[in-house]
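Data first, discussion second: the structure below is written as structure tokens.
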Amino acid sequence: MNLAITQAPSSGILGGPFKKEFVLTKDGIDYRISVEQMAARKIEITSDNACDVKSILGIYYRLVSLMMLFDGEFYPIIEAMDGEIDITHSMQKRELASYHSADFMCGTGNTLINPLEVLSAELVNAWEILEAELDMVHKMFLYCVSSVKMPVDMKCAFLTETYIGLAELVASRNTDFVLPHVGQKESKLKKYLGAVIEYYGKEIFRVEHKIGIDVFCGVLKESRNRIAHIKAKQGKLFLNGAESVLYLCKLSTFYRVILLNMLEIPSASYESDLKKRIDTLNQWNGVLDNFIKRLQDSAKIKAST
């Protein structure tokens, strides 16, 4: 069986030429995998053994979900072939909405590493285990950064919520990371999010760190509460529309960095591109500056009452 799928960005082209080939063994069956990139990206999965369509498609979607962590987006399918049979329309139609990236996720500036530099059978196997452990956490992440029609404040609230499960997974895999104690009247989300930022995200949230991670996480918590618990404003500070887009971008980048760390991808291989990404986001339309000012003004009002 031979499955060949070509993807390309909605606008622009991919760099190249790059090529990576390896053999992935699953359930006693060898799959030859070839990924070529030059303007577009062609993923070819071939097996001489008898295998069902479900198995080979499962490998394809595992590959593209892994590469999305590096690329920052899913590229649309422009051609799909099952041997000599054109199945492009069928593949496009069957794709889940979560595999269609939102506009704010698209563009070369969101790429952390060219996945062809690190792709291997060992990495694919490690991702299969990690993806299974993430379970609904990763599914929610994908929908929050997809083109699914949903208000950005709702997407940001649900993406923020994923950090409870993510923090618990980090603690189960990394003995150096200890989950903070959560008191009876304390917010688990606020405490867990603050802990993972302190451990992994000081560079990503370096500006927010200056005003206090506890204060920053408190705003994200209130934004989540307002959506998830359908609460009124109640005089509390929460993200506006532009700030929700900014933190969808920053929190999704942070999420990817944590997963790359758990996949043991050296941070040195992406820290330069990560810094450029964060610098760009921090300067986007003055949104971060205005947000920081809102926090500072709120703190002054509280101090004077």
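The values are calculated or read from the model by the stated rules, or taken from the named source; none is laboratory data. Bear in mind that the values here come from a model prediction, so they are computed numbers and not experimental data. Virtual Cβ from ideal backbone geometry, glycine too; neighbours counted across all protein chains shown. The accessibility values were calculated without ligands, DNA or RNA, using every heavy atom of the protein model including side chains. Shrake-Rupley method; radii C 1.70, N 1.55, O 1.52, S 1.80 Å.
Does Ile59 satisfy being open to solvent by 10 Å² or more (accessible area, probe 1.4 Å) and in contact with a Leu (Cβ under 9 Å, 6 or more places away or on another chain)? Don't jump to the end; show me each part of the working.
Numbers: open to solvent by 10 Å² or more (accessible area, probe 1.4 Å): no; in contact with a Leu (Cβ under 9 Å, 6 or more places away or on another chain): yes.
So Ile59 does not fit the description; no.
Return the total of residues in region 175-206 being touching a residue at least 40 places away in the same chain (Cβ under 8 Å), out of contact with any Ser or Thr (no Cβ under 9 Å at 6 or more places or on another chain) and not in a helix (DSSP H, G or I).
Summing the residues that are touching a residue at least 40 places away in the same chain (Cβ under 8 Å), out of contact with any Ser or Thr (no Cβ under 9 Å at 6 or more places or on another chain) and not in a helix (DSSP H, G or I) in region 175-206 gives 3.
Given Ser120, Ser90, which one is of a type in the set (Ser, Thr, Tyr), open to solvent by 10 Å² or more (accessible area, probe 1.4 Å), over 18 Å from Ile265 (Cα atoms) and over 13 Å from the mean Cα position of the chain (by Cα)? It would help to see each step written out before you state the result.
On the way: Ser120 fails: over 18 Å from Ile265 (Cα atoms).
Answer to the check: Ser90.
Test Ile78 against the criterion of being at pLDDT below 95 and farther than 21 Å from Leu263 by Cβ, and give yes or no.
No; evaluated as a whole, the condition is false for this residue.
Mind checking whether some residue in region 151-173 is under 18 Å from Tyr247 (Cα atoms) and assigned to a loop (DSSP other than H, G, I, E, B)?
Yes, because at least one residue in region 151-173 is under 18 Å from Tyr247 (Cα atoms) and assigned to a loop (DSSP other than H, G, I, E, B).
Would you pick out the residues in region 92-111 that are of a type in the set (A, V, I, L, M, F, W, C) and either at pLDDT 95 or above or part of a loop (DSSP other than H, G, I, E, B) (or both)?
Pass one, region 92-111, residues of a type in the set (A, V, I, L, M, F, W, C): 96-97, 102, 104-106.
The answer is Leu96, Ala102, Cys106.
Filtering region 75-87 down to residues that are touching a residue at least 40 places away in the same chain (Cβ under 8 Å) and part of a loop (DSSP other than H, G, I, E, B), which residue is surrounded by the most Cβ atoms within 10 Å (Cβ to Cβ)? Steps first, please.
Within region 75-87, the subset touching a residue at least 40 places away in the same chain (Cβ under 8 Å) is 75-83.
This time we only want the ones that are part of a loop (DSSP other than H, G, I, E, B), so: 75-76, 83.
On the way: Tyr75: 20, Pro76: 15, Gly83: 10.
The residue in question is Tyr75.
Quick one: Leu119 ticks every box in (1) farther than 17 Å from Lys42 by Cβ; (2) touching a residue at least 24 places away in the same chain (Cβ under 8 Å) except a single one, so which number is it?
With (1) farther than 17 Å from Lys42 by Cβ; (2) touching a residue at least 24 places away in the same chain (Cβ under 8 Å) applied to Leu119, the lone miss is (1).
Criterion first (under 29 Å from Arg62 (Cβ atoms), in contact with a Phe, Trp or Tyr (Cβ under 7 Å, 6 or more places away or on another chain), open to solvent by less than 50 Å² (accessible area, probe 1.4 Å) and part of a helix (DSSP H, G or I)) does Phe141 satisfy it? Step through it out loud before you land on a result.
Details: under 29 Å from Arg62 (Cβ atoms): yes; in contact with a Phe, Trp or Tyr (Cβ under 7 Å, 6 or more places away or on another chain): yes; open to solvent by less than 50 Å² (accessible area, probe 1.4 Å): yes; part of a helix (DSSP H, G or I): yes.
In short, yes.
Being over 20 Å from Gly212 (Cβ atoms), open to solvent by 20 Å² or more (accessible area, probe 1.4 Å) and of a type outside the set (Gly, Ala, Ser) is the filter here; which residues of region 170-191 pass it?
Step one: list which residues in region 170-191 are over 20 Å from Gly212 (Cβ atoms), which gives 170-179, 184.
Restricting the remaining residues to those that are open to solvent by 20 Å² or more (accessible area, probe 1.4 Å) gives 171-176, 178-179, 184.
The answer is Arg173, Asn174, Thr175, Asp176, Val178, Leu179, Gln184.
Pull up region 15-58, narrow it to residues that are basic (Lys, Arg) and in contact (Cβ under 8 Å) with a residue 60 or more places away in the chain, then point me to the one that is nearest to Trp127 (Cα to Cα).
We begin by selecting, within region 15-58, every residue basic (Lys, Arg); these are 19-20, 26, 32, 41-42, 54.
Next, from what is left, pick out any that are in contact (Cβ under 8 Å) with a residue 60 or more places away in the chain: 19-20.
Values: Lys19: 20, Lys20: 17 Å.
It comes out as Lys20.
Does Lys42 satisfy the criteria of being more than 24 Å from Asn261 (Cα to Cα) and modelled with pLDDT of 95 or more? Talk me through it step by step, then tell me what you get.
Numbers: more than 24 Å from Asn261 (Cα to Cα): yes; modelled with pLDDT of 95 or more: yes.
Criteria met by Lys42.
If Ser146 passes every condition in (1) more than 15 Å from the chain's Cα centre (by Cα); (2) small (Gly, Ala, Ser); (3) crowded, with 18+ Cβ neighbours inside 10 Å but one, which one does it miss?
If we test Ser146 against (1) more than 15 Å from the chain's Cα centre (by Cα); (2) small (Gly, Ala, Ser); (3) crowded, with 18+ Cβ neighbours inside 10 Å, just (1) comes out false.
Taking the stated definitions as given, is Ser65 open to solvent by less than 10 Å² (accessible area, probe 1.4 Å) and either of a type in the set (Phe, Trp, Tyr) or under 17 Å from Pro9 (Cα atoms) (or both)? If you could, list the steps in order and put the result at the bottom.
Numbers: open to solvent by less than 10 Å² (accessible area, probe 1.4 Å): yes; either of a type in the set (Phe, Trp, Tyr) or under 17 Å from Pro9 (Cα atoms) (or both): yes.
When the stated conditions are applied, Ser65 passes them.
Can you tell which of Asp153, Asp135 is of a type in the set (Asp, Glu), open to solvent by 40 Å² or more (accessible area, probe 1.4 Å) and at negative phi?
Values: Asp135 fails: at negative phi.
Every option except Asp153 fails the conditions.
Pull up region 192-215, narrow it to residues that are touching a Leu at 6+ places or on another chain (Cβ under 8 Å) and of a type outside the set (Asp, Glu), then point me to the one that is most open to solvent (accessible area, probe 1.4 Å).
Residues of region 192-215 that are touching a Leu at 6+ places or on another chain (Cβ under 8 Å), as a first pass: 192-193, 195-196, 203-204, 207, 211, 215.
Filter once more, so that each one left must be of a type outside the set (Asp, Glu): 192-193, 195-196, 204, 207, 211, 215.
Values: Tyr192: 21, Leu193: 1, Ala195: 22, Val196: 0, Ile204: 2, Val207: 43, Ile211: 44, Val215: 72 Å².
Taking the candidates together, the pick is Val215.
Among the candidates Ala268, Ala299, which residue alone is open to solvent by 60 Å² or more (accessible area, probe 1.4 Å) and of a type outside the set (D, E, K, R)? Before you say what the answer is, go through the steps one by one.
Working: Ala299 fails: open to solvent by 60 Å² or more (accessible area, probe 1.4 Å).
Every option except Ala268 fails the conditions.
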